[in-house]
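The values are calculated or read from the model by the stated rules, or taken from the named source; none is laboratory data. Note that the structure is a prediction, hence the values are computed from the model and not measured. Cβ sites come from the backbone with ideal geometry, for glycine too, and all protein chains shown count toward neighbours. These area figures cover heavy atoms from the full protein model, side chains too; ligands, DNA and RNA do not enter into them. Shrake-Rupley method; radii C 1.70, N 1.55, O 1.52, S 1.80 Å.
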Amino acid sequence: MTTSEVRPAPGDLNDPAAGFSLISWEPKGEHLFEVRARYEHGQQPLALAHAVRQGGLLVAHEAYGVPRGHHCVFRSVSCAMPEVTPADAGGPPSPLEPGAEFSLRLACLDPDIRRGQLVGARFRADALNGSSAAGQAEVDFAFLSPAVYRFVRSSAGDGGGEEDRESGALSLELKATQAQLAFRGVTVDHIPGMVLAGAAIEAAGAAEVPGTVRRPVGLTGTFTGYATPDEPCYFRTRPAPEPEAGSADGGQRSATEVWAVQSGRRVFEGTVLTSCM
């Protein structure tokens, strides 16, 4: 693979719901790439995860040869906006403006290659808006053939499990829309991981103390089961341990643990970071 060749992103790999248009990709070394994209819509920091998700799928298909018909199964996601020190006169990073182009310095970490086929990997990227850092995100995927996906999906059970007994505020019931249940225009048989991640951020916001104004600046999450679209999915929250004192943003970040329960079992668990505006 020639490392200096910039290649256009195939149009069929774009996902309009993600809020980005892929422009090009370029190999930069072993398991290293630069992906260029155009921002269309979406709120940070989750927008960063959407961008890295799309960039990871792009290089998985184009650089590693994952067949288009294989299923991409989310295992984990994280995203964070740059921290700002009290001495930063410029304040928080400027949000991406619709139409702005930016680049992802994308690394494929721990690629799991079996019989010449990529079956799983973590993709981590720093996003650059011009010369300014826009944040970092990481996604972890498994790539399953249709036959393997059908087997795994059918063996996931009917959703029955031990009742979730941990205390937490019932912050949100997720009711996925038809638009959210589509991937590149095709209806899927589960609630997509990015929809769960977005609902986790909303649940953390709903759990904030009334009168406080905070913005989400980070998320880490693990997908622990399939979430079906025909059963209620509830998000619960509780305060997480405070970040270490003396953090770069002056200790103004707070953390909320979030988990989603469907039919008595967890399908998502993670932590949302927020910061004073």
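With a simple spin-label model that places each label point 7 Å from the Cα along the Cα-to-Cβ direction, the separation between Val6 and Glu202 comes to 3.8 nm. Remark: spin-label model distance Leu170-Ser76 equals 3.1 nm, labels positioned 7 Å along the Cα→Cβ axis. Counting only Cβ charges, +1 for Lys and Arg and -1 for Asp and Glu, the dipole size of the chain around its Cα centre is about 500 debye. Computed with a 1.4 Å probe over protein heavy atoms only, the accessible area of Asp112 comes to about 50 Å².
Residue separation of Val188 and Ile113 scaled by 0.36 nm, minus their Cα-Cα distance, works out to 24.4 nm of gained length. In the chain, taking the dipole from charged Cβ atoms about the Cα centre, the farthest positive-side position among Ala47, Ser254, Ala169 is held by Ala47. Spin-label model, Gln252/Tyr64: points 7 Å from Cα along the beta carbon direction are separated by 3.8 nm.
Our helix-only sum for the chain, with -39,500 (n - 2.57) per DSSP H run of n ≥ 4 divided by its residues, gives a mean residue ellipticity at 222 nm of -4500 deg cm²/dmol. Which FRET efficiency value, to the nearest 0.05, do you get for Glu101 and Gln178 by plugging their Cβ-Cβ distance into 1/(1 + (r/R0)^6) with R0 = 41 Å? E(calc), rounded to 0.05, equals 0.85. Where does the longest stretch of the chain lie that holds no trypsin sites (Lys or Arg not before Pro) found in a DSSP loop with 16 or fewer other Cβ atoms within 10 Å? Between the exposed loop sites, the longest stretch runs 185-277.
Over the chain, what percent of the accessible surface lies on carbon and sulfur atoms, probe 1.4 Å?
Numbers: 7080 of 13620 Å².
The value for the chain is 52 percent carbon and sulfur by accessible area.
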